[in-house]
Each structure stands twice: as structure tokens, then as C-alpha cells.
Amino acid sequence: MKNLNLNCPIGGTGYGITSLNIFKSLTNLGLNISLFPIGNNMELNSEEEKTIVQNAINNSSFFDHNAPCLKIWHQHDLASRIGNGHFYSFPFFEVDKLNRREQHHLNYCDYIFVASEWAKKVLLNNNINKKIYVAPLAVDLNIFNIPPRIKVQNPNYIFFHIGKWEYRKSHDILIKAFDAAFDHTDNVELRLLPHNPFLNENEIKEWMNLIYNAKLANKIKVFNRLPTQYHLAEFIFQGDCGVFISRAEGWNNEILECMAMNKPIIATDYSAHTEYCTEKNSYLVKIDELEIANDKRWFFGEGSWAKLGQNQFDQTVNYMRYVYNNRISSNPNGVESAKKFTWHNTGSIIAETLLRNNSYHANTKAKTKRR
């Protein structure tokens, strides 16, 4: 059995959900994993997940020093590793320029996984001189699928967005576009799932004020954080069209999950989700130019992201009107796209790369000779 030391968050956040699915995939492929969780806020979907996660944590008491280490974590924090074997990282980033610290940490790794060709291009353009492999992320089709049950009838056409309150996610544009697209006589709703645990009360109020000041404030609903992926699937199922006009994304699991559930998508044609968003499965908001990425909270001018000007605003408004007027609530091409992105495939790319690089037998730490 091949051993792997896995260092990552488990459940809860975007990183944690991605890490959990990669962990499960690698476990199903037969790897013996010693799991070293980052943080202690593990949120799991079932008792089965709790069991296999705990078993992997127990393995870490006697981890294989020479096994490869995979760290799924931020590109600026890759200094620590587990064991002496080959060191792989799997970071997610949203802008096209990496600072000196990020470059330094990434170049410490032996090999790097990224989720998209866009991300690989960013690394190559930022002097990352390690071997880079593209391992696209995926959707759990056991959770996100087309349920064999009748949807509760609702006279309203429901637009929805999944993503934490953040300027990068473009709630400011979304709320204004919804306001511009419709009036009080239209049978529409906008549902938001925007919980962000890193915001204080005043910051949350600033975002909520966008809704309170909107013409159609009574048609906009904000939902609390959902406890499991099954609850998220139910949220998507009750909607009609997902709108994701973000300025930049490191992947955006939620779009693919919506596609798997046969929902039409409005999305920006930029950054990592271009790996799977196409003109056949999405209503793409074309990007004319980039702008400095600065939200004065998480991004401070290092790098660029999509500029959402009047053209992009108008495209979004027109798309929202189009799907509403035509009552478009299915996306068969999106379903077919989602089927191509499986966690088994993600895990297989990782496992095969470890084999190809002889990482199960490598020991990169120099040994001190015994006297």
C-alpha cells in the first residue's frame, strides 16, 4: 500500500470541502493516508466521513517519514511540511500576480498541483520554476444531482448566488443588476448564501445596506450558512438560475455543483472557472479589460482581476431578463459538463503523478552519517 502524508483543512471552508473530497478520492484509490488537519473546525457530512477521517488522523501517530507530502493550502504559507519525501502543494489563488513571499514559498515545493490551465499560466508568468500539474476539481454527483422528486411550485423565478460577502464575488454588481433588470410587477427573487465568518458586524451591515437600499429589497432573501453539502444541494434545487459574476475565482465549486443539478448559469468569462464554463453551458459575461485587484480588505493592489464596467453590467442585466422572460430553468449541457469533472479523476491525476515521479520511494532530506 502506498503511503501519503496529507496536510490540509477538512470540511467547512472552500479549501476544506475541496480537501475532504480529494482525501476521500485518494482513500478510495487505495492510498494509506496519514492526515494532518489544518485547524480544528472540521465539518463533515456523514458518520461514514467521520470514521474515515478519524482513521486517517490516527494513522498520523505513526506516519511514514519518507512518504510524499501533499499540502492543500494557501500559496503564501507553504514553509511547513510533513516528513522527508517529495513535497507537493495544491494552492488556489485569484489574481494574476504573486508577491515575493508567495513565489518564495511555491518554489520551496518539489511539485505543484493547480486546478486550471489559467492558474498554471499564472504560475509560469510569475517565475515559479517547479513542475506544475493541472488537476481540475470536481463535483460530488452523489450529492449534487437531479433529484427524482417534484419541485415545490413557486410563482417566482429564483435567481441565486452562493459565495461569501466579498468584493471579489461582486455582490455589489449582482444586487444592482437585479434591481435594474426587474420591477415590482415581475415574479422574481434573488437568494443569497453569503455567510463570511471573517467579517465583523459593521462589515456585514455595509453589505446588507446594499439590499436595504435596493428598489427590490423585498424580493432579495439572505440565507444563513448551511450545515452540510446536502443542504446546499437542496438550496440549489429550489432555485432556477445561478448568477456568478465574480471578478476572479480560484475554481468556484458552486458553479459546477449548479450545473450538475441542471441549473442555467450566468458567469464571468475569466479566471479559473473558464476551465469548465463555456458558451455551451453558461451565459458568459465577456470581459474587456482587467483592473488592479484592491478591495482594501483581502487584496491590496498586487495583481489584477476582471473589470466589471458598464458593458459587463449591461450583459448581466440582459442575461437575467432573458432567462426570466423565457423561463429557462434547465441546463443539459451543464449536466454533461459536470459529469466530466469527478473527484475520482482529480485523485487519479494526483496518485498517478506521485507514481510517475517515484515519490513513494524518494527521500529528499539529506541523511547525517552515523559515526
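The values are calculated or read from the model by the stated rules, or taken from the named source; none is laboratory data. What you are looking at is a predicted structure, and each value in this text was computed from that prediction instead of being measured. Note: ideal-geometry Cβ built from the backbone for every residue, glycine included; neighbour counts use all protein chains shown. The accessibility values were calculated without ligands, DNA or RNA, using every heavy atom of the protein model including side chains. Shrake-Rupley method; radii C 1.70, N 1.55, O 1.52, S 1.80 Å.
Tell me whether the range 9-19 contains one or more residues that are open to solvent by 40 Å² or more (accessible area, probe 1.4 Å) and at pLDDT 95 or above. No, the conditions are met nowhere in the range 9-19. Looking at (1) open to solvent by less than 50 Å² (accessible area, probe 1.4 Å); (2) farther than 19 Å from Ile17 by Cα, which one does Glu249 not meet, given that it meets all the others? For Glu249, the exception is condition (2). Output the residues belonging to the range 280-290 that are of a type outside the set (A, V, I, L, M) and open to solvent by 50 Å² or more (accessible area, probe 1.4 Å). Listed by number, the residues that qualify are Lys280, Tyr283, Lys286, Asp288, Glu289. Within the range 178-199, the presence of a residue that is outside any helix (DSSP H, G or I) and on the phi > 0 side of the Ramachandran plot is excluded.
Taken as a whole, the range 261-272 holds no residue that is at pLDDT 95 or above, open to solvent by less than 10 Å² (accessible area, probe 1.4 Å), in contact with a Lys or Arg (Cβ under 7 Å, 6 or more places away or on another chain) and of a type in the set (A, V, I, L, M, F, W, C). For Gly303, the criteria (1) within 26 Å of Val139 (Cβ to Cβ); (2) open to solvent by less than 10 Å² (accessible area, probe 1.4 Å) hold in every case but one, which is (1).
The residue pairs whose first member lies in the range 302-330 and is modelled with pLDDT of 95 or more, whose second member is among the basic types (Lys, Arg) and surrounded by 17 or more Cβ atoms within 10 Å (Cβ to Cβ), and whose beta carbons are closer than 6 Å, counting only pairs six or more residues apart or on different chains, are Trp305/Arg247; Ala306/Arg247.
Does the range 46-68 hold any residues that are at pLDDT below 95, open to solvent by less than 50 Å² (accessible area, probe 1.4 Å) and of a type outside the set (A, V, I, L, M, F, W, C), and which are they? Matches in the range 46-68: Ser46, Glu49.
Within the range 12-43, being farther than 21 Å from Asn196 by Cα and either of a type in the set (A, V, I, L, M) or in contact with a Cys (Cβ under 9 Å, 6 or more places away or on another chain) (or both) holds for Ile22, Phe23, Leu26, Leu29, Leu31, Ile33, Leu35, Phe36, Pro37.
Quick check: is even one residue across the range 205-212 more than 16 Å from Val323 (Cβ to Cβ), buried (at least 24 other Cβ atoms within 10 Å of the Cβ) and in contact (Cβ under 8 Å) with a residue 12 or more places away in the chain? Taking every residue of the range 205-212 in turn, none turns out to be more than 16 Å from Val323 (Cβ to Cβ), buried (at least 24 other Cβ atoms within 10 Å of the Cβ) and in contact (Cβ under 8 Å) with a residue 12 or more places away in the chain.
What are the residues in the range 91-114 that are within 15 Å of Lys71 (Cβ to Cβ) and surrounded by 18 or more Cβ atoms within 10 Å (Cβ to Cβ), if any? Pro91, Phe92, Phe93, Glu102, His105, Leu106, Cys109, Asp110, Tyr111, Ile112, Phe113, Val114 - these are the residues of the range 91-114 that are within 15 Å of Lys71 (Cβ to Cβ) and surrounded by 18 or more Cβ atoms within 10 Å (Cβ to Cβ). Take the residues in the range 115-129 that are hydrophobic (A, V, I, L, M, F, W, C) and open to solvent by 20 Å² or more (accessible area, probe 1.4 Å); name whichever of them is farthest from Trp251 (Cα to Cα). Among residues in the range 115-129 that are hydrophobic (A, V, I, L, M, F, W, C) and open to solvent by 20 Å² or more (accessible area, probe 1.4 Å), the one farthest from Trp251 (Cα to Cα) is Leu124.
Restricting to the range 312-336, and then to whatever is over 21 Å from the mean Cα position of the chain (by Cα) and open to solvent by 70 Å² or more (accessible area, probe 1.4 Å), can you tell me which residue is farthest from Ile175 (Cα to Cα)? The selected residue is Pro332. Name the residue, out of Ser34, Ser61, that is of a type in the set (Ser, Thr, Tyr) and either touching a residue at least 40 places away in the same chain (Cβ under 8 Å) or not in a helix (DSSP H, G or I) (or both). Of Ser34, Ser61, the one residue that is of a type in the set (Ser, Thr, Tyr) and either touching a residue at least 40 places away in the same chain (Cβ under 8 Å) or not in a helix (DSSP H, G or I) (or both) is Ser34. Going by what's in this entry, would Leu226 be described as open to solvent by less than 80 Å² (accessible area, probe 1.4 Å), outside any loop (DSSP other than H, G, I, E, B) and within 26 Å of Leu256 (Cα to Cα)? So Leu226 fails the test.
Of the residues screened, Ala135 is one that is small (Gly, Ala, Ser) and in contact with a strand residue (DSSP E or B) (Cβ under 7 Å, 6 or more places away or on another chain). Between Lys24, Lys50, the distinction of being over 30 Å from Ala248 (Cβ atoms) and of a type in the set (D, E, K, R) belongs to Lys50 only. Tell me, yes or no, whether the range 151-164 has at least one residue that is out of contact with any helix residue (DSSP H, G or I) (no Cβ under 9 Å at 6 or more places or on another chain), within 18 Å of Gly309 (Cα to Cα), in contact (Cβ under 8 Å) with a residue 60 or more places away in the chain and open to solvent by 60 Å² or more (accessible area, probe 1.4 Å). Scanning the range 151-164 turns up no residue that is out of contact with any helix residue (DSSP H, G or I) (no Cβ under 9 Å at 6 or more places or on another chain), within 18 Å of Gly309 (Cα to Cα), in contact (Cβ under 8 Å) with a residue 60 or more places away in the chain and open to solvent by 60 Å² or more (accessible area, probe 1.4 Å).
Does any residue of the range 130-140 turn out to be over 23 Å from Ala260 (Cα atoms), in contact (Cβ under 8 Å) with a residue 24 or more places away in the chain, surrounded by 14 or more Cβ atoms within 10 Å (Cβ to Cβ) and in contact with a Ser or Thr (Cβ under 7 Å, 6 or more places away or on another chain)? Yes, that holds for at least one residue.
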